[in-house]
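Taking it in order: structure first as structure tokens, then the write-up.
Throughout, read-outs are computed from the coordinates displayed, never taken from laboratory work. Treat the numbers as computed from the prediction; the structure is a model and nothing was measured. Backbone-built Cβ (ideal geometry, glycine too); neighbour counts: all protein chains shown.
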Amino acid sequence: MGTNKILISGLVSGIAVFLLGYLFYGVIFMNTMEGMTGTATGVMREMDAMVWWALIVGNLLWGFLLAYIFGMWANISTFMGGLKGGAIIGLLAVAAFDLTMYATSNITTLAGSILDIVIFTVIMGIAGGVAGWMLGRGK
């Protein structure tokens with residue numbers, strides 16, 4: 001798969017991760033997630049204090065990760081293939097992270113960790129679908 005196709009797919013799917021993250025975490029589940037924080041205080045940044053460049057770069061990197069894996073190793077070039085691959089990668093990555101954080105910190109409750117795993121799996125599934133679709137364009 002060509003480098004330009006992987007870069008464009010990574011950029012578009014990274015933008016999808018960012019927008020879906022805003023929709024799910026910043027709108028739909030914002031109040032629910034706030035109610036599932038652990039005993040740690042002062043951990044979350046307010047919207048006006050967020051480090052936006054780091055959030056944007058982090059979300060773009062998720063997209064580039066999906067595009068690289070799909071384009072270089074998995075030969076995924078359809079929306080459904082990307083949806084499945086993205087959901088699996090998202091599930092494994094976020095479950096490993098969230099369960100480790102739950103075990104070692106007071107940032108969130110178990111329910112909050114589980115909800116985060118579900119939300120991020122959906123986000124990565126959709127972003128993976130976008131990555132797969134973008135990689136398959138022009139075939």
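Of all residues in the stretch 62-84, those being more than 14 Å from Lys5 (Cβ to Cβ) and surrounded by fewer than 14 Cβ atoms within 10 Å (Cβ to Cβ) number 2. Within the stretch 98-123, being hydrophobic (A, V, I, L, M, F, W, C) and touching a Ser or Thr at 6+ places or on another chain (Cβ under 9 Å) holds for Leu99, Met101, Ile107, Leu115. The set of residues from the stretch 36-61 being under 24 Å from Asn106 (Cα atoms) and surrounded by 11 or more Cβ atoms within 10 Å (Cβ to Cβ) comprises Met36, Thr37, Gly38, Ala40, Val43, Met44, Met50, Leu55, Gly58. Report the residue count in the stretch 38-84 for those that are assigned to a helix (DSSP H, G or I), touching a residue at least 24 places away in the same chain (Cβ under 8 Å) and not basic (Lys, Arg). Total meeting the criteria: 20.
The residue list Val118, Val122 contains one member that is among the aliphatic types (A, V, I, L, M) and either touching a residue at least 40 places away in the same chain (Cβ under 8 Å) or exposed (fewer than 12 other Cβ atoms within 10 Å of the Cβ) (or both), which is Val122.
Would you say Ala74 is of a type in the set (Gly, Ala, Ser) and closer than 28 Å to Met36 by Cα? Spelling it out, it is not the case that Ala74 is of a type in the set (Gly, Ala, Ser) and closer than 28 Å to Met36 by Cα.
Of everything in the stretch 87-139 that is outside any helix (DSSP H, G or I) and of a type in the set (Gly, Ala, Ser), the residue that is nearest to Leu65 (Cα to Cα) is Gly138. Is one or more of the residues making up the stretch 14-37 touching a helix residue (DSSP H, G or I) at 6+ places or on another chain (Cβ under 6 Å), without any contact (Cβ under 8 Å) to a residue 60 or more places away in the chain and either of a type outside the set (Gly, Ala, Ser) or under 20 Å from Gly85 (Cβ atoms) (or both)? Yes.
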